Amino acid sequence: MHTDQLKQEIIEYSKKIGIDKIGFASADVFGELKERLRRQQELKYQSGFEKGTIEERTEPKRLLPEAQSIISIALAYPSRMKDAPRSTREERRGLFARASWGVDYHIVMRDRLEKLAAFIQEKVPDGKNKVMVDTGELSDRAVAERAGIGFSGKNTSIITPEFGSFVYLGELITNVPFVPDEPVDDSCGSCTKCIDACPTGAIVQGGQLNAQRCIAFLTQTKDFLPDEFRSKIGNRVYGCDTCQVVCPKNHKVDFHIHPEFEPEHEVAKPKLIPMLRMSNREFKRTFGHISGSWRGKKPIQRNTLIALGHYKDETAVEEIIAVMLSDPRPVIRGTAAWSLGKIGTEEAFQAIKRAMDNEDNEQVRFEMEKGLAFRPPSSTK
């Protein structure tokens, strides 16, 4: 079969199986990306979650020696939650980023790509195909940019003409030599809204991200969160959408195409206090089906404590004290002490002082001291 005809059949089939956008790219080396990644490495801007070497991330033939083309696909996800529950003084809520709403997109994306691969295999029996979704070595964004899905914005997201940047990306490497699609012109222009709005200054310049300062990354770490970022994450328990929300290309963009990506209110905006002493089983039952659960409950619970401190939620003091006294994890005990100090009630300060007498972990004691330091000098006894 002629590849032009096959390409058209693949495009038509992609629409039938719920792929919102599809593009075709060459499997040539991503030379510009390779230099950018080396620079990121030198500057220590990487998150540490990246998979593979720089060569594996930029040379498709290392992943599939017969590679001739890469097919990039995009699935649109919602940017607004219908009838979203409000966070009230009596019932504070956290927030998962939009990319974690609904069923884990890795599952949905892999389903679409595997169907696409099976379709191609049927048409080209001796074809070789490799499916990749986010956790693979290739840069989804670099592939999508080359395949004409969208352009790479200053916020480092792929911005599509149709769906803005609220899209999930995945790709399929194949040995079929398809004619590549044309890239989309960059239309960020002189706009710097994402750079200006980033809470931590993680967008160093247009298109360059210091992942070590990015809230989306920081909410996924498992150690104590550095002090300078604690006031920045607010009530975010996983991820950050600021650089996308402020983007003019996302103005009024809100697609509810895939039922799988619709947010569940009590999952996407969970009540904070019940999350503090949630068991592993409860956590998996409640959050196990969303992408935001991949790092386990520890970072989520640490962020929950920070959010309650941010809110100065006095209704949570008793529960946070229980966590500080009984949780076996130093990061959680220490963050609980910090949160109590941030909330600042007399009961909270007294609890920290008493807990210090029985705490032998140096880091936790240091956090307890930070908590006590929030106490106004005039009220110390």
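The residue list K249, K222 contains one member that is in a helix (DSSP H, G or I) and touching a residue at least 60 places away in the same chain (Cβ under 8 Å), which is K249. Taken as a whole, the condition of being part of a helix (DSSP H, G or I) and either crowded, with 17+ Cβ neighbours inside 10 Å or at pLDDT below 95 (or both) does not apply to K15.
Do we have any residue at all in the stretch 115-126 that's surrounded by 16 or more Cβ atoms within 10 Å (Cβ to Cβ), out of contact with any strand residue (DSSP E or B) (no Cβ under 8 Å at 6 or more places or on another chain) and more than 20 Å from I257 (Cβ to Cβ)? Taking every residue of the stretch 115-126 in turn, at least one turns out to be surrounded by 16 or more Cβ atoms within 10 Å (Cβ to Cβ), out of contact with any strand residue (DSSP E or B) (no Cβ under 8 Å at 6 or more places or on another chain) and more than 20 Å from I257 (Cβ to Cβ).
Residue pairs whose Cβ atoms lie under 6 Å apart, sitting 6 or more positions apart in sequence or on different chains, and linking a residue in the stretch 17-28 that is among the hydroxyl-bearing types (S, T, Y) to a partner that is modelled with pLDDT of 95 or more, are S26/P180.
Against the test of being more than 19 Å from C191 (Cβ to Cβ) and without any contact (Cβ under 8 Å) to a residue 60 or more places away in the chain, the options V133, V167 yield a single qualifying residue, V133.
Restricting attention to the stretch 344-375 and to residues that are more than 33 Å from the chain's Cα centre (by Cα) and part of a loop (DSSP other than H, G, I, E, B), the residue that is surrounded by the most Cβ atoms within 10 Å (Cβ to Cβ) turns out to be E359. Checked against (1) in contact with a Cys (Cβ under 8 Å, 6 or more places away or on another chain); (2) surrounded by fewer than 17 Cβ atoms within 10 Å (Cβ to Cβ), R86 meets all criteria but (1). The set of residues in the stretch 268-286 that are part of a helix (DSSP H, G or I), over 20 Å from the mean Cα position of the chain (by Cα), free of Cβ contacts under 8 Å to residues at least 24 places away in the same chain and surrounded by 16 or more Cβ atoms within 10 Å (Cβ to Cβ) is empty.
So is M81 within 20 Å of C243 (Cα to Cα) and either among the aliphatic types (A, V, I, L, M) or in a helix (DSSP H, G or I) (or both) or not? Yes.
Looking only at residues of the stretch 176-216 that are modelled with pLDDT of 95 or more and assigned to a helix (DSSP H, G or I), we find that the one that is nearest to the chain's Cα centre (by Cα) is A216. One residue stands out among those in the stretch 30-66 that are of a type in the set (V, I, T) and either more than 14 Å from E171 (Cβ to Cβ) or over 24 Å from the mean Cα position of the chain (by Cα) (or both): the one that is surrounded by the fewest Cβ atoms within 10 Å (Cβ to Cβ), which is T53. Within the stretch 360-372, is even one residue in contact with a helix residue (DSSP H, G or I) (Cβ under 7 Å, 6 or more places away or on another chain), within 21 Å of K232 (Cα to Cα) and among the β-branched types (V, I, T)? No, the stretch 360-372 has no match at all. Considering H310, H289, H265, the condition of being surrounded by fewer than 14 Cβ atoms within 10 Å (Cβ to Cβ) and either closer than 24 Å to I343 by Cβ or within 19 Å of the chain's Cα centre (by Cα) (or both) is satisfied by H265 alone.
One residue stands out among those in the stretch 313-343 that are of a type in the set (G, A, S) and more than 19 Å from F366 (Cβ to Cβ): the one that is surrounded by the fewest Cβ atoms within 10 Å (Cβ to Cβ), which is S326.
The values are calculated or read from the model by the stated rules, or taken from the named source; none is laboratory data. The shown structure was predicted, so the numbers you read here are calculated from the model rather than taken from an experiment. Cβ coordinates were reconstructed from backbone atoms using ideal geometry, including for glycine residues, and neighbour counts include every protein chain displayed.
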